[in-house]
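Notes for the one structure printed next.
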Amino acid sequence: MSAIEQNHASSAPILRTAIFVALAAIGFFLPKLLGGTSVAYSTLTTIAIFAVMCYGIDIVLSYLGEVSLGHTLFWAIGGYTAANLSVKYGLNGWSTALATIALCIVAAGFLGAVTLRTREFVFSLVTYAAAVVGYEIAFNWDAIGGSDGIVGISALKLPLGIATFSGATQEDLWPVALTLLLLTLIFIARFRRSKLGTAALMVQMNPALAASLGIDPRKIRLAVFVLSAPITGLAGWLYAYQRAYVGPDMFETYFLVLMLTAVVLIGRRILIGPLIGTAILIAQQNLFSLGGDWNKIVLGSVLALVLIFWPAGLAGLFPQLRQK
Amino acid sequence: MNIAQQIVNGLVLGSGYACVALGWTILLGVARLVNFAHGQLYMLGAFVTWYAMTKAGLPYPLAILASIIALGILGALMQTAMMRLVMTQNLTSLMIVTLGFGYVLQGGSALIFGGNPQTLPGTLARAKVDLGSLWFTWQDVLVFVATLLLYGAVWLFTQKTRFGSVIRAVAEDPKLAELFGINAKLVYLFVFIFECAAVALGAALVAPRSPILTSMGFNEVIMTFVVVVLGGIGSISGALVAGLGLGLFIAFFGAFVAQAYTTAAAFALLLILLVIRPAGLATK
């Protein structure tokens, strides 16, 4: 737990790349392997999008050790940006994605800067409040959708030089969702080994050591928070195209609780933890659903009970898995 | 005259904010704990009161008592489950665990009480008092007086009694306090039960003003956050002043700027304060 985890495969970059490519290829054909039905496609697309959403909060919670309760704000910024810019100005997917990244960085930078000098729980409190306020604004401001939201978002269009990719159906969106997920995984893996990633871990594990090395924990917190926002934002961006609708329901507590649960369920600081966590939780909700209210009880209980009884997550029950 | 009416409205709103925030203030101020299920506990307190009055036919004071007892028991259960995290002062996990509990309460309440908005029956909330061109309800008077009395009592208890200093000793260092023969677990349990009972009382008093919904907890709690931070993290008198001040601000903002964006305005106020005085207004 206390040491910075080393990826064993990092000594053999070619092998690692080969494994990664193989997994990506299997991933690409996974919906086909699961029957190729539109349910398989849409479920896997949803899992990929939600996993990316979770990775945003993951780098704050796992590596920085702080709790952001405002990532639904970035999730909604992504959705609202995609919806507004594509419906009102006819912009393509690249432009809406860039705008999402920019807006998320601005919002996170603002919240992070304001809470720079406050204690850790005030950071959580302010991020929580920011999401509530975001909901209020989205609900009341008719220019960006108001309480009805924006209906009829056209298919995702990504011009690629000569050809234009168009994601009209769930089958078409799967490669985009998978690519976004893989890029996110690469990004997180790089972050774990980056200067910022190791500094964040050090601040969390041994603040005294970090201070003696001249690391300012507040600046690290700001940097990690700003970095995390566009990840969740891009997930929201794709979610808007998948659902063809955005509304104030993107601020639902559900998404926040899902993000946190997916991270802690498998265990913090495990690269593929949030992905597996998301898959398990979405599978429960889609395949073994007990109805909306019971699903809430299940999700909330899992979150609370895991942290109370197995703080290291399910992976903590199988110590040999952590060596991977 | 509108100004005078807005001042009355502000005091009415503000005493409600302060009343609901009391439990959090104590929890944070004397035990250094946080509870992100506070909003859902507020919702539950309101619904238990509603259920006791409409389904069990209890009179209002008994319904309040039932709500306090029910949430006190719930608080004891929650705190018992979280005890290990509390004793190790694991604030990060506590924040998430209480958020999880809150979500369970929301789902559970929707199952038990249904998804429809309800209104607490109350004669006081509809008994208007007219003073010239000013008006308020007897419920407002009740909330205002009860809030002042509660804050006074809690202030006396924590500052002037031996038990108050015991709680503060535990907050300072639970392990050390145990060496001096203080049962820190019991103290934490007591404080958390108080937080839940206080929010039940606050909900029973404040909720008759507006319709209640099982999904309202997440949004309702934001004013408590603002009060606690404005008041200077755990300062009892600070929270009372902050609550009343916030109420006045919201009343005037709602009347003269935009009713729809009052939460956003409160949040903006919080952010400005955090930049100027990161530790809150009432810091020494």
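Has the range B:122-144 got any residue that is at positive phi and open to solvent by 30 Å² or more (accessible area, probe 1.4 Å)? Within the range B:122-144, one or more residues are at positive phi and open to solvent by 30 Å² or more (accessible area, probe 1.4 Å).
Would you tally the residues in the range B:243-274 being within 14 Å of another protein chain (Cβ to nearest Cβ) and either modelled with pLDDT under 90 or in a helix (DSSP H, G or I) (or both)?
Here is the first cut: in the range B:243-274, the ones within 14 Å of another protein chain (Cβ to nearest Cβ) are B:246, B:250, B:253-254, B:257-274.
Filter again for either modelled with pLDDT under 90 or in a helix (DSSP H, G or I) (or both), leaving B:246, B:250, B:253-254, B:258-274.
Residues flagged as within 14 Å of another protein chain (Cβ to nearest Cβ) and either modelled with pLDDT under 90 or in a helix (DSSP H, G or I) (or both) within the range B:243-274 amount to 21.
Which residues, taken from the range B:86-98, are assigned to a helix (DSSP H, G or I) and more than 7 Å from chain A (Cβ to nearest Cβ)? Passing the criteria: B:V86, B:M87, B:L94, B:T98. Cβ-Cβ contacts under 7 Å between residues 6 or more apart (or on different chains), taken from a first residue in the range B:231-248 that is farther than 13 Å from B:I26 by Cβ and aliphatic (A, V, I, L, M) to a second residue that is open to solvent by less than 10 Å² (accessible area, probe 1.4 Å) and part of a loop (DSSP other than H, G, I, E, B), are listed as B:V241/B:G231; B:A242/B:G231. Only one entry of A:T253, A:T232, A:T261 meets the criterion of being farther than 27 Å from A:A99 by Cα and among the polar types (S, T, N, Q), and that entry is A:T261.
Within the bounds of the range B:71-79, is there any residue that is away from chain A (no Cβ under 14 Å), within 21 Å of the chain's Cα centre (by Cα) and free of Cβ contacts under 8 Å to residues at least 24 places away in the same chain? Walk me through it before giving the result.
Of all residues in the range B:71-79, those away from chain A (no Cβ under 14 Å) come to B:71-73, B:75-76.
If we keep only those that are within 21 Å of the chain's Cα centre (by Cα) too, we end up with B:71-73, B:75-76.
Adding the requirement that they be free of Cβ contacts under 8 Å to residues at least 24 places away in the same chain leaves B:73.
Yes, the range B:71-79 contains a residue that is away from chain A (no Cβ under 14 Å), within 21 Å of the chain's Cα centre (by Cα) and free of Cβ contacts under 8 Å to residues at least 24 places away in the same chain.
Among the residues making up the range B:236-245, a single one is more than 14 Å from the chain's Cα centre (by Cα) and open to solvent by less than 30 Å² (accessible area, probe 1.4 Å): B:G238.
Does the range B:63-72 contain at least one residue that is open to solvent by 10 Å² or more (accessible area, probe 1.4 Å), part of a helix (DSSP H, G or I) and over 26 Å from B:A239 (Cα atoms)? Checking the range B:63-72: at least one residue is open to solvent by 10 Å² or more (accessible area, probe 1.4 Å), part of a helix (DSSP H, G or I) and over 26 Å from B:A239 (Cα atoms). Total residues in the range B:18-42 satisfying the condition of being closer than 18 Å to B:K185 by Cβ and assigned to a helix (DSSP H, G or I): the figure is 4. Residues in the range A:170-208 that are of a type in the set (V, I, T) and open to solvent by less than 60 Å² (accessible area, probe 1.4 Å) were compared, and the one that is nearest to the chain's Cα centre (by Cα) is A:T184.
A:L61 - would you say it is within 14 Å of another protein chain (Cβ to nearest Cβ), part of a loop (DSSP other than H, G, I, E, B), open to solvent by less than 10 Å² (accessible area, probe 1.4 Å) and not hydroxyl-bearing (S, T, Y)? Full working, then the answer.
Working: within 14 Å of another protein chain (Cβ to nearest Cβ): yes; part of a loop (DSSP other than H, G, I, E, B): no; open to solvent by less than 10 Å² (accessible area, probe 1.4 Å): yes; not hydroxyl-bearing (S, T, Y): yes.
So A:L61 fails the test.
Determine if the range A:220-230 includes at least one residue that is out of contact with any Lys or Arg (no Cβ under 8 Å at 6 or more places or on another chain) and closer than 29 Å to A:S166 by Cβ. Can you show your working first?
Let us first name the residues in the range A:220-230 that are out of contact with any Lys or Arg (no Cβ under 8 Å at 6 or more places or on another chain), namely A:220-230.
Restricting the remaining residues to those that are closer than 29 Å to A:S166 by Cβ gives A:229-230.
For the range A:220-230, residues out of contact with any Lys or Arg (no Cβ under 8 Å at 6 or more places or on another chain) and closer than 29 Å to A:S166 by Cβ: present.
Looking at A:V133, A:V106, A:V122, just one residue is closer than 26 Å to A:P274 by Cα, open to solvent by less than 30 Å² (accessible area, probe 1.4 Å) and either free of Cβ contacts under 8 Å to residues at least 12 places away in the same chain or of a type in the set (K, R) (or both), and that residue is A:V122.
Looking only at the range B:111-123, residues that are outside any loop (DSSP other than H, G, I, E, B) and under 21 Å from the mean Cα position of the chain (by Cα) come to 1 in all.
Looking across the range A:209-251, the residues that are among the charged types (D, E, K, R) and either over 29 Å from A:L116 (Cβ atoms) or crowded, with 19+ Cβ neighbours inside 10 Å (or both) come down to A:R221, A:R243, A:D249.
Rundown of residues vs (1) touching a strand residue (DSSP E or B) at 6+ places or on another chain (Cβ under 6 Å); (2) more than 30 Å from A:V176 (Cα to Cα), yes/no style:
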{"position": "A:L116", "(1), (2)": "no, yes"}
{"position": "A:F123", "(1), (2)": "no, yes"}
{"position": "A:A130", "(1), (2)": "no, no"}
{"position": "A:V133", "(1), (2)": "no, yes"}
{"position": "A:E136", "(1), (2)": "no, yes"}
{"position": "A:F139", "(1), (2)": "no, no"}
{"position": "A:D142", "(1), (2)": "no, yes"}
{"position": "A:D148", "(1), (2)": "no, no"}
{"position": "A:L158", "(1), (2)": "yes, no"}
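The number of residues in the range A:128-164 being in a helix (DSSP H, G or I) and either away from every other protein chain (no Cβ under 11 Å) or hydrophobic (A, V, I, L, M, F, W, C) (or both) comes to 11. Can you tell me which residues in the range A:35-58 are free of Cβ contacts under 8 Å to residues at least 60 places away in the same chain and either aromatic (F, W, Y) or in a helix (DSSP H, G or I) (or both)? A:V39, A:A40, listed by residue number.
What residue, among those in the range B:109-155 that are touching a Lys or Arg at 6+ places or on another chain (Cβ under 8 Å) and either within 14 Å of chain A (Cβ to nearest Cβ) or of a type in the set (S, T, N, Q) (or both), is nearest to B:A239 (Cα to Cα)? Taking the candidates together, the pick is B:Q139.
Looking for whichever is more than 14 Å from every other protein chain (Cβ to nearest Cβ), in contact with a helix residue (DSSP H, G or I) (Cβ under 6 Å, 6 or more places away or on another chain), open to solvent by 20 Å² or more (accessible area, probe 1.4 Å) and not in a helix (DSSP H, G or I) here; the options are B:L13, B:L58. Which one fits? Give the derivation first.
Values: B:L13 fails: not in a helix (DSSP H, G or I).
Just a single option satisfies the conditions, and that option is B:L58.
Taken together, the residues in the range B:213-231 that are open to solvent by 10 Å² or more (accessible area, probe 1.4 Å) and either over 19 Å from A:D293 (Cβ atoms) or in a helix (DSSP H, G or I) (or both) amount to 5. Mind counting the residues in the range A:64-103 that are more than 29 Å from B:L91 (Cβ to Cβ), open to solvent by less than 10 Å² (accessible area, probe 1.4 Å) and not in a helix (DSSP H, G or I)? Result for the range A:64-103: 0. A single member of B:V154, B:V166, B:V170 is modelled with pLDDT of 90 or more and either of a type in the set (A, V, I, L, M) or not in a helix (DSSP H, G or I) (or both), and it is B:V154.
If you go through the range A:283-317 and pick out every residue that is away from chain B (no Cβ under 13 Å) and either in a helix (DSSP H, G or I) or open to solvent by less than 50 Å² (accessible area, probe 1.4 Å) (or both), you end up with 8.
The values are calculated or read from the model by the stated rules, or taken from the named source; none is laboratory data. These figures come from a predicted structure and were not determined experimentally. All Cβ positions, glycine included, derive from the backbone under ideal geometry; neighbour counts span all protein chains shown. Heavy atoms of the whole protein, side chains included, go into the accessibility calculation; ligands, DNA and RNA do not. Shrake-Rupley method; radii C 1.70, N 1.55, O 1.52, S 1.80 Å.
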